[in-house]
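Visitor: Handing you a structure now.
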Amino acid sequence: MEQTRDSIADIWGDRTPHYGDWPVRVDQRVTTEPDHWVQSACVLCSNGCGLEIGVKDGCIVGVRGLDRDPVNHGRLGPKGLHGWEANHSPDRLTKPLIRRDGKLEEASWEEAMNLIVERSRDIIQKHTSLAMGFYTSGQLFLEEYYTLAVLGKAGLSTPHMDGNTRLCTATAAAALKQSFGTDGQPGSYIDLDTTETILHVGHNIASQHTVLWMRILDRLAGPNPPKLIVIDPRRTFTAEKAHIHLMPRVGTNVPVMNGLLNLVIESGQIDQSFIDAHTVGFDELKKTVANWTPERVEELTGVPASQLRAAAQLLATTSTLVSSALQGVYQSMQATAAAVQVNNLHLIRGLIGRPGCGIYQMNGQPTAQNTRETGADGDMPAFRNSGNPEHMNQLARIWNVDVRNIPHWSPPTHAMQIWRYAEQGSIKFLWINATNPAVSMPDLARVRQILQKEGLFVIVQDAFMTETARYADVVLPAAIWGEKTGCMTNVDRTVHLTQKAIEPPGEAKADLDIFVDYARRMDFRDKDGAPLIKWTTAEEAFAAWRECTRGRPCDYTGMTYEKLRRGGIQWPCNEEHPDGTSHLYTDGVFHTGADDCEAYGYDMTTGGAITPEEYKANDPKGRAIIWAADYEPPHEQPDQDYPLWLTTGRLVYHFHTRTKTGRSAALAKAAPDSFVQISDQDAQAYNIADGDLIEVESRRGRVLEPARIGDIEPGLVFIPFHFGYWDDPKRSRAANELTLTEWDPVSKQPHFKYAAVRIRKATEVDKDALVLDQAGQRVNAGSTTPKTTE
């Protein structure tokens, strides 16, 4: 085996100190010398690292970083270097499966697709297309999402379409729309190469975006290192490098941010001329945050007033600033309100639209940005506003359909509501694509019952027999990364082309091919009687998407596959910006005009939509919107029965529910099991030693986890959410057995970051009581029988 480092033991590799230009360092891991290399990009976080796939005798044998790529300059993290092993896992799905007499049995593609079309037509005839639902992923390619969006919105006319991006980055989109009028990160990763100060809010970047963290580590090791501020209740790898580490209680992000904003305003270091010329809403913000003195913040959040002042001093005096936010913000109380305060910090200091000043409302998945751009998450394609008649007429012209076919009469159905409709019975057809909600959704006992509901026809399209696939009526074997061609867009708007390197196993097909086949069998037509989906290849789909973006903020019209083969390109890319665009809003003009904006905004407290008439009456006309938000406590809090907080998160070696990373030997060995992290004080109080098996129980369920002690605040317990049942059915260990069904009023993103729990050292009786069957159902739970027990 040839590898440039052991990325399991040495996660971030050697330092290449820099200021300005980040040096190249090519990371590689191959098991044998490849015959040839194929251009691609990593799909195991949202950083979007360029790489090449090594192929020998039709098999992937390794990867190496792409030295010319602007995102990673050749570097790769442990998931990127090892995750490809899943492509050759012996338990890949290779044939369609249909449920017959309660069991999933192999079938032909003709049988499977005929059944899907038959049930589709029957359900639509009896219940209309409002009974059709789609729940997709952040793992497909742009071309596949756009195809899905067109067939769903113009073919079926269903508003019930969303993705698991609702669980991880819906708040990123919501915050960008609220502040700037449309989705799309204002800055670029190159801002890290020169910025004076970096602020991470609820973002453990060292574990979740390893290559982006390498970039920061190299700055910290170089000349003119930036100051690093981290806001996180745990002492993470990221926090270890912080100049200032603020550790708030869970659910208190808004008070911390309000306290920082108050101190920055009081310091007099705001950019009043920028505020006056390019924003609206500052006076309300100033009034709201004035109540959040350092002492009040300390009393509520636990953050010492002295630390808050020190952080505010840095933020008030820095001439450049990069901020990032992720799940610690997005999956918690007042998610959008807290994320918007990060935007506000940049706006009141005028630190936006220029080098060294980036706002990364981060994504968790590699193509989460594409679900939002294409409309596969319920939004309208190319950041169009469903409440703007001209935007909808544009789509109707592009697709050549009657505008009334496009579901824009009410807000799109978000994922949590889709599942609620399925629970209630109004959605009778649910197509789940490249995601594993039986592990990733909150309150898993409820999710399992929904999946088993009589009258709900469930399709699962995936590469493996996941915990979710076990409940399906039809399972479609899908090709994955490396086995198909398509584009992906990362956090800083860089579009990569990832090319097919090998054939998928058995009869597995690319998601694009499956969607095109479904549209053909359903005979979706445009107004002239021509096929609605007019493409069959990824490149043809990209050309159609490119035209859909013309004149929109995410303009792709200057991109082609040929151009993308030379490297990643940041949108907008068009005649005006033929090489892409590193920074948005350089002129201080935002996409907030009533005729331009993607959404009219929402009340930050209630989530109530602002009407078009209300918005137009106060048209910001291209000025950014500063939204104020006061504190609201979490609705579930520790009490006498459940005295501790639970928070969930990720590990550096795994991605989501380990569907792929769990099938890499090295990654699985590095993190083979879940755990519960508790403080030294709580360990002593509960007489728990490191490695003891602990029962953690909430009002919704319970799990058994080995203890890991230290590096966390007293009263808080942490469980990684990756672990389900497919490789260990003997123990309930999915963190989402415990989490609650509640979501942010604006972004509709669920709250995984807090729940009230209790813990105790487990006994042998406890272990037997939580044995699961292969469908992830407790053997002794007395619940309904799963659709399959094989």
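Visitor: Taking the beta-carbon count within 10 Å as an exposure proxy, list Lys453, Lys287, Lys484 from fewest neighbours to most.
Guide: Fewest to most other Cβ atoms nearby, the residues stand as Lys287, Lys453, Lys484.
Visitor: Something else: Tell me, how many Å apart are the Cα centres for the stretch 662-690 and for the stretch 191-242?
Guide: 25
Visitor: Distance between the C-alpha centers of the stretch 97-165 and the stretch 513-546? Whole Å please.
Guide: What the calculation gives is 15 Å, centre to centre.
Visitor: Which net charge results when you count Lys and Arg as +1 and Asp and Glu as -1 among the other residues whose beta-carbon is under 10 Å from that of Arg663?
Guide: Cβ neighbours under 10 Å give a net charge of 0.
Visitor: Full extension from Glu576 to Asn687: what is 0.36 nm times the residue separation minus their Cα-Cα distance, to one decimal in nm?
Guide: Fully extending the segment from Glu576 to Asn687 adds 33.4 nm.
Visitor: Right, something else. At R0 = 56 Å, how high is the FRET efficiency between Val117 and Asp619 if r is their beta carbon distance? Nearest 0.05 is fine.
Guide: After rounding, the FRET efficiency stands at 0.75.
Visitor: Would you mind pulling out the separation of the Cα centroids of the stretch 379-446 and the stretch 261-320, in Å?
Guide: So the two Cα centres are separated by 38 Å.
Visitor: Could you order peptides 206-213, 598-605 by the average number of other Cβ atoms within 10 Å of their residues, highest first?
Guide: 206-213, 598-605
Visitor: Efficiency by 1/(1 + (r/R0)^6): what FRET value for Asp10 and Arg404, r their Cβ-Cβ distance, R0 = 41 Å, to the nearest 0.05? Walk me through the numbers on the way to the answer.
Guide: On the way: r = 58 Å, r/R0 = 1.42.
With R0 = 41 Å, the Cβ-Cβ based efficiency is 0.10.
Visitor: Further question: Using a 10 Å cut-off around each Cβ, can you sort Ile8, Ile569, Ile270 from fewest to most neighbouring Cβ atoms?
Guide: Lowest count first: Ile8, Ile270, Ile569.
Visitor: Okay, next question. When the dipole is taken about the Cα centre of the stretch 644-769, and only Lys, Arg (+1) and Asp, Glu (-1) are charged at their Cβ, what size is it in debye, to the nearest 20?
Guide: The dipole of the stretch 644-769 has a size of about 500 debye.
Visitor: Hey, what number do you get for the chain at 222 nm if only DSSP H runs of n ≥ 4 count, each worth -39500 (n - 2.57), divided across all residues, to the nearest 500? Numbers along the way, then the final one.
Guide: Numbers: 27 runs with 228 residues, N = 790.
Estimated from H runs of four or more residues: -8000 deg cm²/dmol.
Visitor: Taking 25 Å as R0, compute the FRET efficiency from the Cβ-Cβ separation of Arg566 and Lys56 and round it to 0.05.
Guide: Rounded to the nearest 0.05, the efficiency is 0.50.
Visitor: Once you charge only the Cβ atoms, +1 for Lys and Arg and -1 for Asp and Glu, what is the size of the charge dipole of the chain about its Cα centre, to the nearest 20 debye? Each step should come with its number before you reach the end.
Guide: Details: 81 positive and 101 negative charges, 88 e Å.
Value, rounded to 20: 420 debye.
Visitor: Using Cβ contacts closer than 10 Å as the measure, can you line up Met380, Met247, Met441 from fewest to most? Please list the in-between numbers first.
Guide: On the way: Met380 24, Met247 20, Met441 27.
Result, fewest neighbours first: Met247, Met380, Met441.
Visitor: Does the stretch 644-769 classify as rounded, prolate or oblate by the C-alpha gyration tensor (a ≥ b ≥ c root eigenvalues; a/c under 1.5 gives rounded; else a/b over b/c gives prolate, otherwise oblate)? Mind showing how you got there, number by number?
Guide: Values: a/c = 1.43, a/b = 1.05, b/c = 1.36.
Here the stretch 644-769 falls in the rounded category.
Visitor: Moving on to the next point. Is the C-alpha gyration tensor of the stretch 2-88 telling us rounded, prolate or oblate? Criteria: a/c under 1.5 is rounded; beyond that, a/b larger than b/c is prolate, otherwise oblate.
Guide: Judged from the Cα gyration tensor, the stretch 2-88 comes out prolate (a/c at least 1.5, a/b above b/c).
Visitor: Right, next: Which entries of Lys241/Lys286; Lys177/Lys660; Lys484/Lys563; Lys509/Lys534 have Cα-Cα distances beyond 21 Å here? Could you put the intermediate results ahead of the total?
Guide: Numbers: Lys241/Lys286 32 Å; Lys177/Lys660 32 Å; Lys484/Lys563 19 Å; Lys509/Lys534 19 Å.
Among Lys241/Lys286; Lys177/Lys660; Lys484/Lys563; Lys509/Lys534, the Cα-Cα distance tops 21 Å for Lys241/Lys286; Lys177/Lys660.
Visitor: Okay, moving on. What shape does the stretch 217-367 take by its C-alpha gyration tensor, where a ≥ b ≥ c are the square roots of the eigenvalues and a/c under 1.5 counts as rounded, a/b above b/c as prolate, and the rest as oblate?
Guide: Since a/c stays below 1.5, the shape of the stretch 217-367 is classed as rounded.
Visitor: Based on the mean of other beta carbon atoms within 10 Å per residue, what is the order of 555-567, 621-633, 158-170, 59-71, most packed first?
Guide: My ranking of the peptides, most packed first, is 158-170, 59-71, 621-633, 555-567.
Visitor: Beta carbons within 10 angstrom, averaged per residue: use that to sort the peptides 309-318, 87-96, highest first.
Guide: Ranked by mean Cβ neighbours within 10 Å, highest first: 309-318, 87-96.
Visitor: Just to confirm the filter: which chymotrypsin sites (Phe, Trp or Tyr not before Pro) across the stretch 375-473 are DSSP coil and have at most 13 other Cβ within 10 angstrom of their Cβ?
Guide: Here the chymotrypsin sites (Phe, Trp or Tyr not before Pro) that fit, given the DSSP loop and packing criteria, are Trp409.
Visitor: Could you give me the ³J(HN,Hα) list for the stretch 358-372, computed from phi with Karplus coefficients 6.51, -1.76, 1.60 and θ = phi - 60°, whole Hz, x at Gly and Pro?
Guide: So the J values, rounded to whole Hz, are x, 10, 10, 6, 5, 9, x, 10, x, 10, 4, 4, 6, 4, 6.
Visitor: State the extension gain, in nm to one decimal, for the chain segment bounded by Arg525 and Lys287, taking 0.36 nm per residue of separation less the distance between their alpha-carbons.
Guide: In short, 80.2 nm is gained.
Visitor: Of Ala538, Pro233, Gly74, which is farthest towards the positive pole of the chain's charge dipole, taken about the Cα centre with +1 and -1 on the beta-carbons of Lys, Arg and Asp, Glu respectively?
Guide: Ala538
Bear in mind that the values in this text are calculations on the coordinates, not laboratory data. All figures in this text were calculated on a predicted structure; none of them were measured in a lab. Ideal geometry is used to build each Cβ from the backbone, glycine not excepted, and the neighbour counts take in all protein chains shown.
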